[in-house]
Amino acid sequence: MGAFLTWAPLLLDALSFVLVLALVALGLVVIFGLMGVINLAHGELFMLGAYTVVLAVGWGVPFWLAVVLAPIAVGAVGWLVEVLLIRRLAARPLDTILATWGLAIVLQQAAVLAFGPGSRSVARPTDATVTFAGISYPAYRLELMAIAALVLVATMALFARTRVGLRARAAIADPDMAAALGVNVRRVRAQSFVLGAALAGLAGALVAPIISVDPHMGFGFLVPAFLSILAGGGVSLGGVLGGAAIIGGADSLLGHWMSPVVSQIVVFLIAIVAIRLRAARAAGS
Amino acid sequence: MLEIRDLRAGYGQSMVLNGVNLDIAHGTVTALLGRNGMGKTTLCRVLIGLLPMTSGTITLDNDSISHMAPHRLARRGLAYVPQGRSIFARFTVQENLDLGLSARGGRIPPHIFEWFPMLAELRGRRAGTLSGGEQQMLALARALVAEPSLLILDEPSEGLQPSRVTAIGDVLLRIVADKRVTVFLVEQNLALVRRVAAITAFLVDGVIAGGAAGRDLSPQSPLIQRYLGL
């Protein structure tokens, strides 16, 4: 019983981190899968989601309404980025990497100018705790997990079960044939960038009350999100969850026993092993 | 009526089509024959909007469709079955057919499963697990799901056993007779062309070098000897 009481909160903390990481990684995968764009500004879209909540709550908007507004606002930013930048660099993957890297720097510095270099915070919508099986756990973290899980399932269902998702998958598999069948591939790609940005914005909004919000917060999620995708096997939506479970779970749990530097080294080693195992299995099959 | 006038297109600096002029009459099968490398597939890709033309015009029922995007052409009534079929191998048969509805929405017309009864039984199967002949039927059915006015087929008989080629011919004759679909058929299979085509044109070095009534063609005819070297 003592071990359970010790482990359960740690595992729940890890699960909440895994689900948020999966949201960020899913946004990256949607953008990469449909557009072939490695979006190095994805962490900054996550950061914009967090600042949207900080600002909106500061203006008196109820917290949950701010959480709804954040993906809409960041999705709109994503649409602008797609129209003004990404679309003009179509079929130039290296240029898009450089362009999104530059965009990341611009967004970070814009946040520094607008909000200052220091961190901001926003109050949780509730300080209540939920007690079950002898442990007390913050209600907000449970709500965060439920919302993240729901959005992950809904996004996967969108791709797997709807005509919109079918057309998107067709645009990934064979864009020319999809276009010849009547799919507006350019519009599908624009929508995917907006969706990916909105997922990042939602993830940022959800974690705003439990981490410090600052202009550089995105990088801390971007790297593990990329590692999650690699460990999970590339662009598979299902693989994102597995990758996030490996990377996010290790990152969160190891941080309780090791210094941040050592735990990050171990996480990188775990990622390398997972990627090597996956590559070996792919080569074998 | 599809009218192609002085159509030029290619890849980069390399021109493949050097002034194609061709009329494709409504509700008929017009075939295009030519050796490999003469520009048949390039012409198909230009017609469906996947390859930009350098110059020339394409009109469909007196409306210009030159430079139109592929998805708009699909919505305008053009359907395309490319060489190699390009079915979505990891999708189910049903999903492949549903994609055919992207151009017009709605449901799969019931006559599709009358024309392709084997597909009704294979709806849940992954398309990549079908035989070559079944995949070709799926590609044809997927194009017809949109109820197109013009169907462009690029070597549908390639790699198929004779019974499957006969089945494709049956379907082509039926869609022209029942639905008045216009068919532009690029083929190497002379027997199939002779069976279904009203008019046959020959593409040589990127230009239409001649034409004949489809049924007049035989392996011994001078046109076949000259342009295909059979």
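The values are calculated or read from the model by the stated rules, or taken from the named source; none is laboratory data. What you see is a predicted model, and the numbers here were worked out from it, not measured in a lab. Cβ: placed from backbone, ideal geometry, glycine included. Neighbour counts: every protein chain shown.
Out of A:Ser228, A:Ser252, report the one residue that is of a type in the set (S, T, N, Q) and farther than 17 Å from A:His42 by Cα.
Of A:Ser228, A:Ser252, the one residue that is of a type in the set (S, T, N, Q) and farther than 17 Å from A:His42 by Cα is A:Ser252.
Quick check on A:Leu206: is it buried (at least 24 other Cβ atoms within 10 Å of the Cβ) and free of Cβ contacts under 8 Å to residues at least 60 places away in the same chain?
No: the conditions fail for A:Leu206.
Mind checking which residues of region A:149-188 are in contact with a Leu (Cβ under 7 Å, 6 or more places away or on another chain), more than 7 Å from chain B (Cβ to nearest Cβ) and over 23 Å from A:Trp79 (Cβ atoms)?
Matches in region A:149-188: A:Ala149 only.
Pick from B:Met38, B:Met1: which is surrounded by fewer than 16 Cβ atoms within 10 Å (Cβ to Cβ) and not small (Gly, Ala, Ser)? Don't jump to the end; show me each part of the working.
Details: B:Met38 fails: surrounded by fewer than 16 Cβ atoms within 10 Å (Cβ to Cβ).
It is B:Met1.
How many residues, within region B:106-163, are touching an Asp or Glu at 6+ places or on another chain (Cβ under 9 Å), β-branched (Val, Ile, Thr) and more than 16 Å from B:Ser86 (Cβ to Cβ)?
1
If you take the residues of region A:209-231 that are within 11 Å of the chain's Cα centre (by Cα) and buried (at least 19 other Cβ atoms within 10 Å of the Cβ), which of them is farthest from A:Gly242 (Cα to Cα)?
Taking the candidates together, the pick is A:Gly218.
Is it the case, given these coordinates, that B:Gly106 is part of a loop (DSSP other than H, G, I, E, B) and more than 10 Å from chain A (Cβ to nearest Cβ)? Break it down into steps so the answer makes sense when it comes.
Numbers: part of a loop (DSSP other than H, G, I, E, B): yes; more than 10 Å from chain A (Cβ to nearest Cβ): yes.
Taking the combined requirement at face value, the residue satisfies it.
For region B:13-72, give me the residue count where each residue is in contact (Cβ under 8 Å) with a residue 40 or more places away in the chain, on the phi < 0 side of the Ramachandran plot and part of a strand (DSSP E or B).
18
Name the residue, out of B:Gly128, B:Gly159, B:Gly169, that is without any contact (Cβ under 8 Å) to a residue 60 or more places away in the chain and at positive phi.
Residue meeting the stated conditions: B:Gly159.
Residues checked against (1) over 19 Å from A:Ser192 (Cβ atoms); (2) surrounded by fewer than 18 Cβ atoms within 10 Å (Cβ to Cβ); (3) over 17 Å from the mean Cα position of the chain (by Cα):
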site: A:Gly78; (1), (2), (3): no, no, no
site: A:Val83; (1), (2), (3): no, yes, yes
site: A:Arg87; (1), (2), (3): no, yes, yes
site: A:Ala91; (1), (2), (3): no, yes, yes
site: A:Phe115; (1), (2), (3): yes, yes, yes
site: A:Leu142; (1), (2), (3): yes, yes, yes
site: A:Ala148; (1), (2), (3): yes, no, no
site: A:Val151; (1), (2), (3): no, no, no
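Just to be sure before I move on: is A:Ala91 at pLDDT below 90 and not in a helix (DSSP H, G or I) in the structure I sent? Walk me through how you get there before you give the answer.
On the way: at pLDDT below 90: yes; not in a helix (DSSP H, G or I): yes.
Yes: the conditions hold for A:Ala91.
Within region A:157-186, how many residues turn out to be small (Gly, Ala, Ser) and in a loop (DSSP other than H, G, I, E, B)?
Result for region A:157-186: 1.
Looking only at region B:84-116, count every residue that is of a type outside the set (A, V, I, L, M, F, W, C), under 17 Å from the mean Cα position of the chain (by Cα) and surrounded by 16 or more Cβ atoms within 10 Å (Cβ to Cβ) and tell me the total.
Summing the residues that are of a type outside the set (A, V, I, L, M, F, W, C), under 17 Å from the mean Cα position of the chain (by Cα) and surrounded by 16 or more Cβ atoms within 10 Å (Cβ to Cβ) in region B:84-116 gives 3.
What is the one condition in (1) away from chain A (no Cβ under 14 Å); (2) within 16 Å of the chain's Cα centre (by Cα); (3) not β-branched (Val, Ile, Thr) that B:Gly49 does not satisfy?
Among (1) away from chain A (no Cβ under 14 Å); (2) within 16 Å of the chain's Cα centre (by Cα); (3) not β-branched (Val, Ile, Thr), the lone unmet condition for B:Gly49 is (1).
From the set of residues in region B:73-88 that are part of a loop (DSSP other than H, G, I, E, B) and within 23 Å of B:Gly10 (Cβ to Cβ), which is farthest from the other protein chains (Cβ to nearest Cβ)?
Going residue by residue through region B:73-88, those that are part of a loop (DSSP other than H, G, I, E, B) are B:77, B:82-88.
Those still in the list that are within 23 Å of B:Gly10 (Cβ to Cβ) too: B:82-84, B:86.
Working: B:Pro82: 7, B:Gln83: 12, B:Gly84: 10, B:Ser86: 4 Å.
Checking each candidate, the answer is B:Gln83.
Is it the case that B:Ala143 is assigned to a helix (DSSP H, G or I), surrounded by 21 or more Cβ atoms within 10 Å (Cβ to Cβ), within 12 Å of another protein chain (Cβ to nearest Cβ) and touching a Pro at 6+ places or on another chain (Cβ under 9 Å)? Don't jump to the end; show me each part of the working.
Numbers: assigned to a helix (DSSP H, G or I): yes; surrounded by 21 or more Cβ atoms within 10 Å (Cβ to Cβ): yes; within 12 Å of another protein chain (Cβ to nearest Cβ): yes; touching a Pro at 6+ places or on another chain (Cβ under 9 Å): no.
Here the answer is no, as B:Ala143 does not meet what is asked.
Going residue by residue through region B:89-102, is there one that turns out to be within 14 Å of chain A (Cβ to nearest Cβ), small (Gly, Ala, Ser) and more than 21 Å from B:Glu155 (Cβ to Cβ)? It would help to see each step written out before you state the result.
Going through region B:89-102, the residues within 14 Å of chain A (Cβ to nearest Cβ) turn out to be B:89-102.
With the extra rule that they be small (Gly, Ala, Ser), the set shrinks to B:89, B:100, B:102.
Within this subset, residues satisfying the condition of being more than 21 Å from B:Glu155 (Cβ to Cβ) are B:102.
Within region B:89-102, one or more residues are within 14 Å of chain A (Cβ to nearest Cβ), small (Gly, Ala, Ser) and more than 21 Å from B:Glu155 (Cβ to Cβ).
For the condition assigned to a helix (DSSP H, G or I), among the aliphatic types (A, V, I, L, M) and within 23 Å of A:Gly232 (Cβ to Cβ), what is the one hit in A:Leu107, A:Leu34, A:Leu40, A:Leu98? Can you show your working first?
Numbers: A:Leu107 fails: within 23 Å of A:Gly232 (Cβ to Cβ); A:Leu40 fails: assigned to a helix (DSSP H, G or I); A:Leu98 fails: within 23 Å of A:Gly232 (Cβ to Cβ).
Selected residue: A:Leu34, the only one of A:Leu107, A:Leu34, A:Leu40, A:Leu98 that is assigned to a helix (DSSP H, G or I), among the aliphatic types (A, V, I, L, M) and within 23 Å of A:Gly232 (Cβ to Cβ).
Quick one: in region A:39-70, which of the residues that are without any contact (Cβ under 8 Å) to a residue 40 or more places away in the chain and among the β-branched types (Val, Ile, Thr) is surrounded by the fewest Cβ atoms within 10 Å (Cβ to Cβ)?
Per the stated criteria, the residue is A:Val68.
State whether the residues of region A:256-277 include one that is hydrophobic (A, V, I, L, M, F, W, C), surrounded by 12 or more Cβ atoms within 10 Å (Cβ to Cβ), touching a residue at least 60 places away in the same chain (Cβ under 8 Å) and not in a loop (DSSP other than H, G, I, E, B).
There is no residue in region A:256-277 that is hydrophobic (A, V, I, L, M, F, W, C), surrounded by 12 or more Cβ atoms within 10 Å (Cβ to Cβ), touching a residue at least 60 places away in the same chain (Cβ under 8 Å) and not in a loop (DSSP other than H, G, I, E, B).
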